[in-house]
Amino acid sequence: CIQTITLFDYDPFDGFDINDLSWPDNYETNQCGAALLPENLPLQYARPRVSDDECSLIAMHYKDQVFSFVDGACEKILRTWTVLDWCTYNEQNPVYGEGWYEHIQIIKMHNTEPPVIEASCADRTVYSYGVCEGEVSESISAYDLCTPSELINYTYTIDLYNDGTINFSGNTNNYKRILPDGTHRVRWTAEDK
């Protein structure tokens, strides 16, 4: 006796059937860095969800393109998801929609927290030792949750005699100047990306 058993999947994987494949929703957040990796996102934003039966052999992959300062966001990620059903995908003749499906998810990061300046802004006295002027040097550093420290932009202004007039300025996190005797005001700014 010879018996023939044929297995047939009555509901094969179809990337356009919403019952089988749900693409991740676009996502906006105040988080950054590792918080934007798929494994750290809430389920509906994390990765494509496949509710197919066991007859398909599904593989997923993503690739990120990162853009800064676009569409009102600090960072915009175009995450291209690729889903392959190895049971219907033909490597010799790859055709979109025949076992190979792609979708672009948009992730926008808004950072509402400014950088934190780590240096003390306490008043300070420098002695000129009778020459009516003295060399003053200052430096600051800052950190930010979403911008690496080397990408933080610094500026400073020096108001001689604290009279409301800016006499010196620079685009760095340090300065070294000869200042005359008197009370002066220095204003530091640290800007993230």
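Can you tell me which residue in segment 81-99 is most open to solvent (accessible area, probe 1.4 Å), limited to those that are touching a Leu at 6+ places or on another chain (Cβ under 8 Å) and in contact (Cβ under 8 Å) with a residue 60 or more places away in the chain?
Ranking the candidates gives Cys87 first.
Identify, from the list Leu37, Leu43, the residue that is modelled with pLDDT under 95, closer than 11 Å to Ile107 by Cβ and open to solvent by 50 Å² or more (accessible area, probe 1.4 Å).
Step by step, each of Leu37, Leu43 is checked, and only Leu37 is modelled with pLDDT under 95, closer than 11 Å to Ile107 by Cβ and open to solvent by 50 Å² or more (accessible area, probe 1.4 Å).
What do you reckon, is Glu75 touching a residue at least 24 places away in the same chain (Cβ under 8 Å) and of a type in the set (Asp, Glu)? Show your work before the answer.
Details: touching a residue at least 24 places away in the same chain (Cβ under 8 Å): yes; of a type in the set (Asp, Glu): yes.
Yes; evaluated as a whole, the condition is true for this residue.
Sort through Leu57, Leu78 and tell me the only one that's surrounded by 13 or more Cβ atoms within 10 Å (Cβ to Cβ), in contact with a Cys (Cβ under 6 Å, 6 or more places away or on another chain) and of a type outside the set (S, T, N, Q).
Exactly one of Leu57, Leu78 is surrounded by 13 or more Cβ atoms within 10 Å (Cβ to Cβ), in contact with a Cys (Cβ under 6 Å, 6 or more places away or on another chain) and of a type outside the set (S, T, N, Q), namely Leu57.
Could you give every pair whose Cβ atoms fall below 8 Å, whose first residue belongs to segment 129-158 and is touching a residue at least 40 places away in the same chain (Cβ under 8 Å) and open to solvent by less than 80 Å² (accessible area, probe 1.4 Å), and whose second residue is small (Gly, Ala, Ser) and part of a helix (DSSP H, G or I), counting only separations of at least 6 or pairs across chains?
What qualifies is Ala142/Ser149; Cys146/Gly33.
The values are calculated or read from the model by the stated rules, or taken from the named source; none is laboratory data. Being a predicted model, the structure only gives us computed values, none of them experimental. Every residue, glycine among them, receives a Cβ derived from its backbone with ideal geometry; neighbour counts consider all protein chains shown. What goes into the accessible areas is simple: the full protein's heavy atoms, side chains included, and nothing from ligands, DNA or RNA. Shrake-Rupley method; radii C 1.70, N 1.55, O 1.52, S 1.80 Å.
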